[in-house]
């Protein structure tokens, strides 16, 4: 059926008439903070304990706004005769938010969960140079990161959780089996063998 001429105009006028009868709502910011969605992209927080200086975030950043400096330290052997190891130590982690386009690629590619989105957005500066935030400031924003949403009850168990649960169940089963074996061994009666000594009966040749 072909559309009725003028139906689009009538629908548009109906929307206009509906909104004309409603009062407009003004958000009283900054006196009243806005209710942001849980996945808002405000600022990036750094959990530096998880950072291994793999440089993936800096290499994948399309704006090259992440600056990382590090040095290597030698870790002594954990056991005598072991081999010394070297590890990277983070010296600087900075993000220039005047260049950042909030694409989230750095958070997606981080293999150790060191970067997170925070809904904080009130960090405007009068000087553009102040928009380069060092790791101390990024660490402060880490405490404003909201907790992850609860898993769907029908969702599959994460592989990491399943592996940890199976390891715990295996250890508990082994401990229970060892305890049962020890209890069974303790319940068995103990038998004593006669002590070695002279024979009770003697032969005539021996008596002679």
State the Kirkwood hydrodynamic radius of the chain in Å, one decimal place, computed from all pairs of distinct Cα atoms.
25.6 Å
Only counting other Cβ atoms within 10 Å, I'd like 157, 35 sorted with the fewest neighbours first.
35, 157
Expressed in Å to one decimal, the Kirkwood Rh of segment 39-106 from all distinct alpha-carbon pairs is 14.0 Å
Compare 32, 109, 75 in a GNM of the chain, Cα atoms joined below 10 Å, and give the one with the largest fluctuation.
32
Give the separation of the Cα centroids, segment 116-172 to segment 70-92, in Å.
27 Å
At a threshold of 8 angstrom on Cα-Cα distance, excluding pairs fewer than six apart, so keeping six or more, what relative contact order does the chain reach in percent?
21 percent
Can you give the calculated 222 nm mean residue ellipticity of the chain, where each DSSP H run of n ≥ 4 adds -39,500 (n - 2.57) and the sum is split over every residue, rounded to the nearest 500 deg cm²/dmol?
-9500 deg cm²/dmol
Picking from 17, 56, 90, which is most flexible by a Gaussian network model of the chain using Cα springs under 10 Å?
17
In degrees from 0 to 90, rounded to the nearest 10, what is the angle of the helix 7-20 Cα long axis to the longest principal axis of the chain?
80 degrees
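Which of the peptides 64-74, 133-143, 174-184 is most tightly packed, and how do the rest follow, judged by the mean count of other Cβ atoms within 10 Å per residue? All intermediate terms of the calculation are to be shown ahead of the outcome.
Working: 64-74: 13.0, 133-143: 15.5, 174-184: 9.8.
The peptides rank, most packed first, as 133-143, 64-74, 174-184.
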Expected sort for 93, 116 with the fewest Cβ neighbours (10 Å cutoff) up front is 116, 93
Fewest to most neighbouring Cβ within 10 Å: what's the order for 86, 40, 118?
86, 40, 118
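Can you give the convex hull volume of the alpha carbon atoms of segment 28-142 per residue, in Å³?
Enclosed volume per residue, from the Cα hull, is 127 Å³.
Each value in this text was obtained by applying a stated rule to the coordinates, not by laboratory testing. As the structure is a prediction and not an experimental result, all values here were calculated from the model. Don't worry about glycine lacking a Cβ; one is built from the backbone with ideal geometry, like all the others, and counts go over all protein chains shown.
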